[in-house]
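Q: Below is a structure I'd like to ask you about.
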Amino acid sequence: MIKKTGLGYFLLISLSFLSLIVGIDSVQADEDRDATPEEIARIKQVLAGEGCSLDDDDDVEFYLNRNLYEVDDAICSDGKIYEIYLDQNFNIISKRQDD
């Protein structure tokens with residue numbers, strides 16, 4: 001138990017502030033979910049139109065906080081592997097070569 005002294009109140013306020021910061025940080029962290037089969041089918045259509053394909057459906061995630069789909073390891077017609085981001089309307093907004 002923290003004594004109600006100047007130092008005790010300081011510790012109590014400091015711990016409360018710290019827990020608030022940690023709580024806010026965890027709320028802002030990216031939460032994701034696996035894409036549904038319907039979403040994956042639509043994403044495969046878009047990728048095919050760009051000359052790309054997806055080998056593993058598990059490589060597609062949807063980030064709730066950013067409303068973005070992330071496709072890892074898309075293979076494109078140039079033989080390179082890319083990380084591709086699509087918005088919630090399935091428009092490609094970023095295509096970066098995967099390292």
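Q: Short version: ³J(HN,Hα) in whole Hz for each residue of the stretch 70-84, in order, from phi by Karplus 6.51 cos²θ - 1.76 cosθ + 1.60 (θ = phi - 60°), x for Gly and Pro, what are they?
A: Karplus-based 3J(HN,Hα) across the stretch 70-84 equals 10, 10, 8, 6, 6, 9, 10, 4, 7, x, 9, 9, 10, 9, 10 Hz.
Q: I've got another one for you. I need the phi-derived Karplus couplings for the stretch 49-60: 6.51 cos²θ - 1.76 cosθ + 1.60, θ = phi - 60°, integer Hz, Gly and Pro marked x.
A: Values, residue by residue: x, 9, x, 10, 9, 10, 7, 10, 4, 6, 7, 10 Hz.
Q: Using amide H atoms built 1.01 Å from N in the peptide plane, name the residues 5+ places from PHE90, or on other chains, whose amide H lies under 5 Å from its own.
A: none
Q: Keeping all protein chains in the complex and leaving out DNA, RNA and ligands, what accessible area do you get for LYS44 with a 1.4 Å probe, in Å² to the nearest 10?
A: Accessible area, nearest 10 Å²: 80 Å².
The values are calculated or read from the model by the stated rules, or taken from the named source; none is laboratory data. In this text, all values refer to a predicted model and were calculated from it rather than measured experimentally. Note: accessible area is taken over every heavy atom of the protein model, side chains too, but ligands, DNA and RNA are not part of it. Shrake-Rupley method; radii C 1.70, N 1.55, O 1.52, S 1.80 Å.
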